[in-house]
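Below you'll find the structure, written out as structure tokens, and then a few comments.
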Amino acid sequence: MKSDESVLAKCLFFTSNRLSNIMRKVADEAFSNLDIASSYVYLLILVNQYNGITQSELSQKLDIAPSTSTRFVDKLISQDIVKKEYQWKTAHIYLTDKGKYICEQIDDCFKNLYKCYTDILGEDVSNNLAKEMWEVSEALAKKGY
């Protein structure tokens, strides 16, 4: 097997991971004024949108393992961004006042993120790539991956 860059450039697994790593850096920069890692932003969006969401629902919507969801929620609880309330045996997640304040700033951060990569790639490429990547991930998920 060839070991040069052309092999890597043709591998969807490698290129998607490479893009993910680069985009994580861009997102961390765009969300830096929130004082939380960009990986927590989508969790906050869901808690804001679905007040009282369960950790199980968070895991499902974010497509992450329950243990990852627990770790994320515990980290945000320690920063007084979300709180956990139990109804019977089920934990429900709510934003604190600090969490609500952070959520108010998220839209501006997304605008910064979008601007960062569209300035380089252009809007058409950016939007088409996002759409195609979503469609590919949906097709693979439907096959059980």
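The values are calculated or read from the model by the stated rules, or taken from the named source; none is laboratory data. The structure displayed is predicted, hence computed values, not measured ones. Virtual Cβ from ideal backbone geometry, glycine too; neighbours counted across all protein chains shown.
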Problem set entry | Residue within region 111-130 that is modelled with pLDDT of 95 or more and not in a helix (DSSP H, G or I) present | yes
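Each row is one residue, and each column tells you yes or no for (1) surrounded by 10 or more Cβ atoms within 10 Å (Cβ to Cβ); (2) touching a residue at least 40 places away in the same chain (Cβ under 8 Å).
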site	(1), (2)
Leu95	yes, yes
Lys100	yes, yes
Asp108	yes, no
Lys111	yes, no
Gly122	yes, no
Val125	yes, no
Glu132	yes, no
Glu135	yes, no
Lys142	no, no
For this session: Just name the residue that is surrounded by the most Cβ atoms within 10 Å (Cβ to Cβ) out of those in region 54-84 that are touching a Lys or Arg at 6+ places or on another chain (Cβ under 8 Å) and hydrophobic (A, V, I, L, M, F, W, C).
Result: Ile81
Exercise. Out of region 22-41, which residues are surrounded by 14 or more Cβ atoms within 10 Å (Cβ to Cβ), part of a helix (DSSP H, G or I) and of a type in the set (A, V, I, L, M)?
Worked result: Met23, Val26, Ala27, Ala30, Leu34, Val41
Exercise. Given (1) at pLDDT 95 or above; (2) assigned to a helix (DSSP H, G or I), where does Ser56 come up short, assuming only one miss?
Worked result: (1)
Problem set entry | Matching residues, region 52-72, being within 19 Å of Lys98 (Cβ to Cβ) and touching a strand residue (DSSP E or B) at 6+ places or on another chain (Cβ under 6 Å) | Gly52, Ile53
